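Notes follow the structure.
The values are calculated or read from the model by the stated rules, or taken from the named source; none is laboratory data. Everything numeric here is computed off the predicted structure, so don't read it as measured data. A quick note on method: Cβ atoms are made from the backbone with ideal geometry, for glycine too, and the neighbour counts reach across all protein chains shown.
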Amino acid sequence: YNHFPRHLKWPNTDVTFRIVNYTPDLKKSDVDRAIRNALNAWSDVTPLTFKKLYKGNADIMISFGSKEHGDYNPFDGPNGLLAHAYPPGEGIGGDTHFDEDEDWTKDSSAYNLFIVAAHELGHALGMSHSTDPGALMYPVYSYSTGYPLAEDDIEGIQALYGPNPNSRKVKPRPDAPTKCDPMLSFDAATELRGETVIFKDRFYWRLHPQMPEPEQTLIKSTWPSIPNKVDAAYENPEKDLVIIFSGIRMWALNGYNLVDGYPKYIHKLGLPKTIRKVDAAVHIGDTGKTLLFTDEEYWSYDEASGTMDTGYPRSIEDDFPGMSDEVDAAVYHYGYLYFFHDHVQYEYSYTSKKVIRIMRTNAILNC
Amino acid sequence: AHSSAAPLSSEDKDDLLLAEKYLRRFYGLPAGLQGRQGQPSDALKAKIKEMQRFFNLKVTGNLDENTLELMKEPRCGVPDIGE
């Protein structure tokens with residue numbers, strides 16, 4: 001986390017705020033609720049209290065405006081800059097402005113006002129931007145549900161104001177996974193147009209042969225319509241599609257776009273209704289089959305006919321000697337199947353039909 | 001990297017303008033022309049590195065794809081460093 005220079009903060013913990021005007025995108029009550037909930041996220045973990053004023057000057061004046069809106073710090077139309085706020089202080093200090101040219105929502109369909117307000121009010125209390133992609137105070141917008149502050153944010157605000165005297169415990173938003181954590185495990189992995197994409201918690205890493213450093217990004221930043229938790233994923237290169245599994249539903253992505261008609265239920269593939277989750281999926285280009293792993297078994301789906309092959313499910317252990325565990329994620333490269341389970345990666349040779357190498361899971365992330 | 005011989009394509013020029021605008025707003029890049037026409041100045045390269053460091057990108061000083069992609073993401077209007 002970071003503070004502003006000189007660690008600017010409010011001299012006392014009873015702070016006032018006023019909502020000067022409202023966006024037409026939402027009901028007034030929705031705006032009131034989003035702002036109140038955003039302030040509560042910060043008061044939950046500090047001694048700060050927020051009193052709402054309806055006229056006159058408050059510490060934090062909240063307003064919606066577009067382009068040049070009176071502070072010589074113009075907005076830029078839709079997207080790009082969403083909002084800004086000023087650090088604690090007299091006059092414009094603490095004031096928080098939202099770009100009216102954005103589409104403000106209370107869900108993930110556009111820019112969620114609660115999320116952006118929680119971030120901006122962090123600035124109004126003295127927080128600057130964090131370099132932790134899992135933190136609320138990270139500069140780039142990302143949608144998420146639940147309590148918005150990560151451990152990083154809580155440490156930062158408590159360094160300014162101390163903890164909540166009632167010590168009401170909140171469950172911080174999980175921080176971003178660190179790629180060289182020796183115990184790192186994967187949620188899912190897939191190829192995507194020549195790159196390898198690895199999913200973990202709310203994030204994914206993009207691996208490209210020419211890019212030595214895997215790039216970590218929030219799932220929602222790239223694909224807002226898919227859930228924050230991915231169970232399995234595979235690419236069908238013939239159709240230029242990536243199928244994402246989460247729970248009993250699956251999404252089809254064409255690059256960055258969700259294919260019409262999705263999400264669908266996984267049982268459309270021919271899996272029995274007793275299957276409630278796919279652990280891993282991988283497409284074998286040489287055979288045109290997609291293997292779907294569930295607990296200790298796996299299924300073979302024929303992409304060309306769009307049907308499940310007969311004689312399945314079969315035991316993973318029987319058909320992949322050396323693979324004694326369930327599978328978290330799987331990818332296929334040049335005749336080798338890579339199975340990931342917990343912090344271990346198994347390299348299985350299709351030709352010699354056995355596991356020929358065992359590595360750490362995050363070896364694929366250059367750790 | 002842009003080769004000094006060939007003139008910049010309009011797309012490269014757009015990228016350079018986008019980067020200058022972004023780094024001016026969020027990283028305190030001084031206003032005014034940056035170096036010779038279309039060539040990133042040392043000051044601009046230094047600010048690109050500062051931004052790449054902040055976002056844990058590979059620090060190259062060049063406007064590579066990841067860096068430009070991040071500059072186009074919707075974000076907060078408060079600078080990432082300093083006042």
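Entry remark, the stretch A:127-172: residues being within 12 Å of chain B (Cβ to nearest Cβ), over 25 Å from A:W104 (Cβ atoms) and touching a His at 6+ places or on another chain (Cβ under 8 Å) number 0 in total.
Among the residues of the stretch A:144-176, those identified as more than 21 Å from A:I115 (Cα to Cα) and either surrounded by 13 or more Cβ atoms within 10 Å (Cβ to Cβ) or among the aliphatic types (A, V, I, L, M) (or both) are A:A159, A:L160, A:Y161, A:G162, A:P163, A:N164. When the test is whether a residue is under 21 Å from A:H7 (Cα atoms), crowded, with 21+ Cβ neighbours inside 10 Å, under 25 Å from the mean Cα position of the chain (by Cα) and of a type in the set (D, E, K, R), A:E102 does not pass it. Considering only the stretch A:209-219, I want to know if a residue exists there that is of a type in the set (A, V, I, L, M), within 12 Å of chain B (Cβ to nearest Cβ) and without any contact (Cβ under 8 Å) to a residue 60 or more places away in the chain. Yes, because at least one residue in the stretch A:209-219 is of a type in the set (A, V, I, L, M), within 12 Å of chain B (Cβ to nearest Cβ) and without any contact (Cβ under 8 Å) to a residue 60 or more places away in the chain.
Of the residues making up the stretch A:185-196, those that are modelled with pLDDT under 95 and either of a type in the set (K, R) or outside any loop (DSSP other than H, G, I, E, B) (or both) are A:E191, A:L192, A:R193, A:E195, A:T196.
Given the conditions (1) touching a residue at least 12 places away in the same chain (Cβ under 8 Å); (2) over 17 Å from A:G122 (Cα atoms); (3) surrounded by 15 or more Cβ atoms within 10 Å (Cβ to Cβ), and given that A:G80 satisfies all but one, which numbered condition is not satisfied? A:G80 satisfies every listed condition except (1). The conditions of being buried (at least 23 other Cβ atoms within 10 Å of the Cβ), small (G, A, S), more than 27 Å from B:T67 (Cα to Cα) and more than 14 Å from every other protein chain (Cβ to nearest Cβ) are met by A:A232.
Among the residues of the stretch A:73-108, those identified as away from chain B (no Cβ under 11 Å) and assigned to a strand (DSSP E or B) are A:W104, A:T105.
Please determine whether any residue of the stretch A:157-178 is at pLDDT 95 or above, small (G, A, S) and either assigned to a loop (DSSP other than H, G, I, E, B) or more than 17 Å from the chain's Cα centre (by Cα) (or both). So far as the stretch A:157-178 goes, yes, one or more of its residues are at pLDDT 95 or above, small (G, A, S) and either assigned to a loop (DSSP other than H, G, I, E, B) or more than 17 Å from the chain's Cα centre (by Cα) (or both). Every condition in (1) modelled with pLDDT of 80 or more; (2) surrounded by fewer than 16 Cβ atoms within 10 Å (Cβ to Cβ) holds for B:M51 except the one numbered (2).
Could you check, for the stretch A:291-300, whether at least one of its residues is exposed (fewer than 15 other Cβ atoms within 10 Å of the Cβ) and either in contact with a strand residue (DSSP E or B) (Cβ under 6 Å, 6 or more places away or on another chain) or modelled with pLDDT of 95 or more (or both)? Within the stretch A:291-300 (the criterion being exposed (fewer than 15 other Cβ atoms within 10 Å of the Cβ) and either in contact with a strand residue (DSSP E or B) (Cβ under 6 Å, 6 or more places away or on another chain) or modelled with pLDDT of 95 or more (or both)), the answer is no, since none of the residues qualifies.
Looking for something within 13 Å of chain B (Cβ to nearest Cβ), in contact (Cβ under 8 Å) with a residue 60 or more places away in the chain and buried (at least 20 other Cβ atoms within 10 Å of the Cβ) - is there at least one such residue anywhere in the stretch A:180-189? No, the stretch A:180-189 contains no residue that is within 13 Å of chain B (Cβ to nearest Cβ), in contact (Cβ under 8 Å) with a residue 60 or more places away in the chain and buried (at least 20 other Cβ atoms within 10 Å of the Cβ). When residues in the stretch A:2-55 are screened for being within 14 Å of chain B (Cβ to nearest Cβ) and either surrounded by 14 or more Cβ atoms within 10 Å (Cβ to Cβ) or among the hydrophobic types (A, V, I, L, M, F, W, C) (or both), 5 of them pass.
Residues that are within 25 Å of the chain's Cα centre (by Cα) and part of a loop (DSSP other than H, G, I, E, B) within the stretch A:26-57 comprise A:L26, A:D44, A:V45, listed in sequence order. Between A:A85, A:A38, the distinction of being touching a residue at least 40 places away in the same chain (Cβ under 8 Å) and within 28 Å of A:E155 (Cα to Cα) belongs to A:A38 only. Of the residues making up the stretch A:199-226, those that are touching a helix residue (DSSP H, G or I) at 6+ places or on another chain (Cβ under 8 Å) and either over 23 Å from A:Y141 (Cβ atoms) or outside any strand (DSSP E or B) (or both) are A:R202, A:L207, A:M211, A:I226.
Counting only residues that are closer than 14 Å to A:I198 by Cβ and without any contact (Cβ under 8 Å) to a residue 60 or more places away in the chain, which one in the stretch A:345-366 is surrounded by the most Cβ atoms within 10 Å (Cβ to Cβ)? Among them, the one singled out is A:Q345. The set of residues from the stretch A:294-332 being under 23 Å from A:D240 (Cα atoms) and in contact (Cβ under 8 Å) with a residue 40 or more places away in the chain comprises A:E303, A:A329, A:A330, A:V331, A:Y332. Counting the residues of the stretch A:307-344 that are farther than 26 Å from A:I266 by Cα, surrounded by 15 or more Cβ atoms within 10 Å (Cβ to Cβ) and among the small types (G, A, S) gives 1.
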